[in-house]
Amino acid sequence: MHLTVGRIVRPHGVRGEVLVDVRTDDPVERFTAGSVLDTDPAPRGPLTVEYSRGQTVSAGRVRLIVAFAEITDRNAAEDARGTSLLVDSAELTDPDDPDEFHDHQLVGLTAVDADGAEVGEVVRVEHLPASDLLVVRCPDGHDALVPFVSAIVPEIDVPAGRIVLTPPDGLLDL
């Protein structure tokens with residue numbers, strides 16, 4: 001499974017540098033010199049990071065200026081606009097903190113209430129500036145947005161494939 005770690009937003013200057021909207025919690029590791037990132041659309045082929053610099057935060061988003069070996073001028077940088085930068089989930093190491101998870105570990109988990117009754121399935125994780133949200137698809141087909149905080153998500157058991165929710169009344173009905 002491929003995971004998105006960034007997206008090329010636009011060219012930066014005339015030498016092929018691009019502005020990348022970072023979508024990983026470890027930009028230093030993902031965008032270090034020599035890192036190879038797959039791309040979507042795939043026909044572009046993998047891109048090799050030459051260097052990255054200038055981390056900025058704008059509207060809650062982290063952005064880097066990145067130079068890729070395969071993007072050598074402004075025209076190539078313009079052609080790369082909108083390209084998603086990907087890594088294979090098999091290359092990721094599990095977080096050291098037991099309360100930290102990669103998105104792909106959460107997607108697909110069965111969501112149950114405190115009594116063990118199934119309430120849905122985690123279909124994605126939304127990373128918003130204020131907090132992360134779990135998108136839980138309920139049995140009736142609607143998606144419920146659940147704040148990913150320990151008061152509402154007290155237990156996550158990845159090996160067992162389940163996540164326990166203790167939402168306030170009505171949260172799953174919205």
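For region 2-91, what are Rg and Dmax over the alpha carbons, in angstrom?
Just the Cα atoms of region 2-91 yield Rg and Dmax of 11.7, 35 Å.
Can you list residues from other chains, or at least 5 along the same chain, whose modelled amide H is less than 5 Å from the amide H of Glu17?
Amide H neighbours of Glu17, under 5 Å, 5+ apart: His12.
D for the chain, whole µm²/s, Stokes-Einstein with Kirkwood Rh over alpha-carbon pairs at 25 °C and 0.890 mPa s: what number?
My calculation gives 138 µm²/s for D.
Largest first, please: the extent of the C-alpha atoms of region 4-51 along each principal axis, to the nearest Å.
Per principal axis, max minus min of the Cα coordinates gives 28, 23, 19 Å.
With +1 on the Cβ of every Lys and Arg and -1 on the Cβ of every Asp and Glu, and nothing else charged, how large is the dipole of the chain about its Cα centre, in debye rounded to the nearest 20?
1120 debye
Once the Cβ-Cβ distance between Arg10 and Glu100 is put in as r, and R0 is 41 Å, what FRET efficiency do you end up with, to the nearest 0.05?
Efficiency computed from Cβ-Cβ geometry: 0.85.
Is it possible to state the helix-based mean residue ellipticity at 222 nm for the chain, with each DSSP H run of 4+ residues giving -39500 (n - 2.57), the sum divided by total residues, to the nearest 500 deg cm²/dmol? What is it?
On the way: 3 runs with 14 residues, N = 174.
Theoretical 222 nm ellipticity from helices: -1500 deg cm²/dmol.
Mind checking region 37-119 for trypsin sites (Lys or Arg not before Pro) that DSSP puts in a loop (not H, G, I, E or B) and that have at most 14 other Cβ atoms within 10 Å?
Loop-located and lightly packed - Arg81.
Dividing the convex hull volume of the alpha carbon atoms of region 103-173 by its residue count, what do you get in Å³ per residue?
Each residue corresponds to 83 Å³ of Cα convex hull volume.
By how many nm would the segment from Val36 to Asp169 grow when fully extended, if each residue of separation counts as 0.36 nm and the alpha-carbon distance is taken off?
Once the chain is fully extended between Val36 and Asp169, it gains 43.3 nm.
Which ³J(HN,Hα) values, rounded to whole Hz and listed in residue order, are derived for region 66-81 from phi using the Karplus coefficients 6.51, -1.76 and 1.60 in 6.51 cos²θ - 1.76 cosθ + 1.60 with θ = phi - 60°, glycine and proline given as x?
So the Karplus estimates, Gly and Pro as x, are 10, 10, 10, 4, 7, 10, 10, 8, 4, 4, 5, 5, 5, 5, 7, 3 Hz.
Only counting other Cβ atoms within 10 Å, I'd like Ser150, Ser89 sorted with the fewest neighbours first.
Ser150, Ser89
Readers should treat all values here as calculations from the given coordinates under stated rules, not as data from a laboratory. Keep in mind that this is a model prediction, so the values were computed, not measured. Neighbour counts are summed over all protein chains in view; Cβ atoms, including those assigned to glycine, are modelled from backbone coordinates with ideal geometry.
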